[in-house]
Amino acid sequence: MEFTTFTPLWLLLLVLPAAWIVWRKSLVDRRPALKWAAHGLRLLALLLLVLALCRPYALSGREDLHVVVLVDVSESVDPESIRQAADEVEVIADGLKSDDKLSILRFGSKLLRTSREELETLADEVDAGTADAAARNASRLRSAILGSRLSFAGGLTRRLVVYSDGIATDGGLDEALKILEAEGVEVRFRKMEGLQRPEAALVGLEPLASIAYRGEIVRMRLKMRANRTMTAKARILHRGVAVAETPVSLEAGKESIAVLDVEMTTPGESRWEAELIPEDDWFPVNNRVAATVTVKGEPRLLVLHRNEKEMRPFVRAMKKQGLEFETRGEQGMPETLAELLEFDGLVFADVAATSLNMRQMEMVRSYVSDFGGGVAMLGSENSFGLGGYYRTPIEETLPLTSRYEKEKQKPSLAMVLVIDKSGSMSGAPIELARASAKAAAELLSAQDQIAVVGFDEQTQVVLDMTSAADRGTVINSIETLEASGGTDAYPGMVKGRELLQNSVAKVKHMIVLSDGQTPDNDFPGLVRDMRAQGMTVSSVALGSGAAKDLMQVIAQEGGGRYYETDDPANMPQIFTKETMQASRSAIKEDLYSSVVNGDHPVLSGYEEAELPFVLGYVMSKPKPTANLLLVAETGDPLLAIGRYGLGTGLAFTSDLTEKWGGEWLGWGRGPAFWAQVFRGIVRKEQSAGLSATPTLDGENWMIGISRRDESDRPVDRVNWEVRAKDENGKDVAVKVRQTGVGRYLAKADLRSRERVTLSLRDLDHGLMKTLGWERDYPAEYRLDGQVRPELRALAGFDPSQPRDGLVEAKVYRDVSHWFVLAAFALLITGVALRRV
């Protein structure tokens, strides 16, 4: 017997004074024995009442049963097995007593309460191919078993019946079963059949060498399984192109091996993908796996240019110098950090910032800062400020900034920003519109002017035509721009025209931004009239709801440029690009000599050389940390280099095509010079004496690190710097600890991540290594799974005998009422002893 509380026992302190009063003041005239007996019974009754207040509970047996049926409905289970489980649920219900209970749960990637009818419906949906794959792409058995505990009712014998194929995709099953055993839940196992439809899967890709040299042949071992005997084709792909293939014969239930030899053609972290093409298949998701081979060879750089052909002479010259340049168009920027890390350097030759999204820009910054990559920007109409790179993450990596001192003889610019401030611009769009206007204003010189007009149904002059030198007034006025109301752009453009007409500037330009539709009006006539008065108009269509056709007409008739973007974050780049393009003041085209200005290893051997002229360059300004190597005779920067984090940024304000760099291309020493320059910025992964072995432990990426010196002796107490990024560019926390002599262990949490790239750096000795992890297809679709031994060890279950082997449940019952009844019986007996 147990008591809930002992606090009421304080009431027993009243027993002694009460007993004394009753004994001394009692008027009962009875024999002492009877009197003592009566008082004793009353005191004992009082004690029982106090104990009743302590809520006593007594353990007793109960044979009522609560059965919870847990049905596996994951992708690896055959739909006919789900139907069979539904039928057996009905058999179980028939075998229970009236006081028993039955609950049905189903699980895959999550646990849900269900019914027999819902199980049958789900099986039909699986057959039809309409079932929710996201809810079935895992067998989270441990989570389901632990979650099932919440379904049990109190006071009943608890039995959990697990219907499953026994192939779990999460760990910790043994621990979960021990928890249920400790809580008195009996667990039984009922085996379900696995998928019976024809299915084949790639279960592994193993390069027999993790490090190779360029041109080396590496053997790739593919592991495959199938649940039917069938033929298939296995092949290796690199960057989406098949480089090797072979026919294979798959035996049912057995692992098959195919071996393919491939030549390592891509230096750096080279990603290879294996693909299986079976003759008959149900799940396509498990037909591809990937692996990475570190290929050592000549540096490899990616060049982005809107017209790739213009870079071909330079690329051919660099190839003769042992450098590999891959040229891509303006949409050729890699989408993932892993793809970018295949290159040792990145060159923006003639690509505007508007061709990149903010995520790609952040990725470039991380590539340089965290992973030691090299980035270079060459001069063009789409570079530096002209390309909209002002205050972008990419400009941060460069040694030059887009701001510069505008020459006084350059024509002054009057610019009007006509900005949609309707209700649809609320939130981030209007905030970014303000930021765009301020960024544009910052790029103007003291002799330039700026005005800002906002429009919804009404027109508001947010900033009258004001000198760009008055920064405070300009910034404060732009901050007042707020979103509300509808959209009517025409009156706003008319007001903008009036402001430009009243300006005495030599160059007059308008930028119109809108994210919606506007009432019909004579927009073409308005902009043609402005064009006739020497004004130009550019337009920006923001989002899918913008009047894109109209905005294109405005830019075309207005002699300006048209932009469209679905991402408000691109607006600052568009506005800064337009600001620089409007005045054309950032470009200087003439014959300018190249003068050595600084000292750096990339200039070694060329300090006294007579360097070629350039035919033009983009004006810029060096950052305080920049090493300015070459300048034009005007003193403007031509070539600068600087460190940024672990990597290096390079800026050449002229170009390396026939347009401005023809003299450099024709110079006999030019190819060797530029090969030396680019070798000076590429990623240099020095890892001699540093080895890392990655493994997986559930959702943890475990990296065993070995550090040895030149004499092959272990190195202790290394000062490690580890940086890791996921597929979205977010930081991944990594912990490193020493585990032995010269041995360390790094651990990264992989939950909710699809890809992680990690940079491991020994700060004491300057060694660095880059590793990559990519999530394989869900384990649910592998065909090499086995029934977990913890399940095989469980007792079986016969649905027709759901109460078989039932163990009586021990239940605590409230017995306080018995104490109360006993107390009243004692009180009545005491009264009888006094009166009878």
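The values are calculated or read from the model by the stated rules, or taken from the named source; none is laboratory data. Predicted model, so just to flag it, every value in this text is computed and none were measured. We place every Cβ from the backbone using ideal geometry, glycine too, and count neighbours over all the protein chains shown.
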Conditions (1) at pLDDT 90 or above; (2) buried (at least 16 other Cβ atoms within 10 Å of the Cβ); (3) within 22 Å of Ser210 (Cα to Cα); number of the one not met by Val732: (3)
Among (1) touching a residue at least 40 places away in the same chain (Cβ under 8 Å); (2) under 42 Å from the mean Cα position of the chain (by Cα), the one test that Lys548 misses: (1)
Filtered residues of region 433-478 (kept if within 16 Å of Ser514 (Cα to Cα), surrounded by fewer than 17 Cβ atoms within 10 Å (Cβ to Cβ) and in contact with a helix residue (DSSP H, G or I) (Cβ under 8 Å, 6 or more places away or on another chain)): Gln458
Flag for Phe325 being in contact with a helix residue (DSSP H, G or I) (Cβ under 7 Å, 6 or more places away or on another chain), buried (at least 19 other Cβ atoms within 10 Å of the Cβ), free of Cβ contacts under 8 Å to residues at least 60 places away in the same chain and in the same structural domain as Phe371 (by TED's automatic domain parsing): yes
Val243 modelled with pLDDT under 95 and under 30 Å from Ser691 (Cβ atoms): yes
Criterion violated by Ala793 - all others in (1) touching a Phe, Trp or Tyr at 6+ places or on another chain (Cβ under 8 Å); (2) modelled with pLDDT of 80 or more satisfied: (1)
In region 692-729, the residues that are at pLDDT below 90, part of a loop (DSSP other than H, G, I, E, B) and on the phi < 0 side of the Ramachandran plot: Glu699, Asp709, Glu710, Ser711, Arg713, Glu727, Asn728
Residues satisfying the stated conditions in region 533-546, i.e. farther than 18 Å from Ala433 by Cα and touching a Gly at 6+ places or on another chain (Cβ under 8 Å): Met535, Thr536
Residue under evaluation Asp170, criteria (1) under 32 Å from the mean Cα position of the chain (by Cα); (2) outside the structural domain of Ala86 (by TED's automatic domain parsing), criterion not met: (2)
Failed condition for Ala52, given (1) surrounded by 17 or more Cβ atoms within 10 Å (Cβ to Cβ); (2) modelled with pLDDT of 90 or more; (3) part of a helix (DSSP H, G or I); (4) not basic (Lys, Arg): (2)
Flag if Ser426 is at negative phi, surrounded by 15 or more Cβ atoms within 10 Å (Cβ to Cβ), in the same structural domain as Asp529 (by TED's automatic domain parsing) and of a type outside the set (A, V, I, L, M): no
Inter-residue pairs, beta-carbon under 8 Å, first closer than 13 Å to Leu542 by Cα and in region 557-576, second basic (Lys, Arg), 6+ apart: Glu564/Lys548; Pro572/Arg391
Leading residue by the ranking (farthest from Asp344 (Cα to Cα)) among those in region 263-300 that are in a strand (DSSP E or B) and over 26 Å from the mean Cα position of the chain (by Cα): Pro278
Test: residue in region 733-749 that is within 30 Å of Asn287 (Cα to Cα) and among the hydroxyl-bearing types (Ser, Thr, Tyr): no
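Matching residues to (1) surrounded by fewer than 17 Cβ atoms within 10 Å (Cβ to Cβ); (2) in contact (Cβ under 8 Å) with a residue 40 or more places away in the chain; (3) outside the structural domain of Ala168 (by TED's automatic domain parsing); (4) under 31 Å from the mean Cα position of the chain (by Cα):
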site	(1), (2), (3), (4)
Lys191	yes, yes, no, no
Ala209	yes, yes, yes, yes
Arg214	no, yes, yes, no
Val218	no, yes, yes, no
Arg221	yes, no, yes, yes
Thr229	yes, no, yes, no
Arg239	yes, no, yes, yes
Some residue of region 344-367 being of a type in the set (Ser, Thr, Tyr), closer than 21 Å to Gly642 by Cβ and under 29 Å from the mean Cα position of the chain (by Cα): yes
Some residue of region 479-496 being buried (at least 21 other Cβ atoms within 10 Å of the Cβ) and farther than 23 Å from Ser426 by Cα: no
Test: Val820 is farther than 30 Å from Asn700 by Cβ, in contact with a helix residue (DSSP H, G or I) (Cβ under 8 Å, 6 or more places away or on another chain) and among the β-branched types (Val, Ile, Thr): yes
Filter result for the condition that a residue is over 36 Å from the mean Cα position of the chain (by Cα) and over 29 Å from Trp667 (Cβ atoms), over Ala582, Ala609: Ala582
Yes/no for Thr739 being touching a helix residue (DSSP H, G or I) at 6+ places or on another chain (Cβ under 6 Å), farther than 30 Å from Glu251 by Cβ and not assigned by TED's automatic domain parsing to the domain that holds Gly253: no
Answer residue from region 1-15, given it is more than 60 Å from the chain's Cα centre (by Cα) and in contact (Cβ under 8 Å) with a residue 12 or more places away in the chain and is farthest from Val815 (Cα to Cα) among those: Val15
Close pairs from region 474-490: first farther than 26 Å from Ile554 by Cα, partner assigned to a helix (DSSP H, G or I) and basic (Lys, Arg), Cβ under 6 Å, at least 6 apart: Ile475/Lys438
When residues of region 535-554 are limited to those that are surrounded by fewer than 16 Cβ atoms within 10 Å (Cβ to Cβ) and out of contact with any strand residue (DSSP E or B) (no Cβ under 6 Å at 6 or more places or on another chain), the one modelled with the highest pLDDT: Asp549
Boolean, Gly666 is over 41 Å from the mean Cα position of the chain (by Cα), of a type in the set (Gly, Ala, Ser) and surrounded by fewer than 19 Cβ atoms within 10 Å (Cβ to Cβ): yes
Total residues in region 276-322, condition touching a Lys or Arg at 6+ places or on another chain (Cβ under 8 Å), farther than 30 Å from Leu250 by Cα, among the aliphatic types (A, V, I, L, M) and in contact (Cβ under 8 Å) with a residue 60 or more places away in the chain: 1
Index of the failed condition, Glu298 passing every other in (1) under 30 Å from Gly668 (Cβ atoms); (2) out of contact with any Gly (no Cβ under 7 Å at 6 or more places or on another chain): (2)
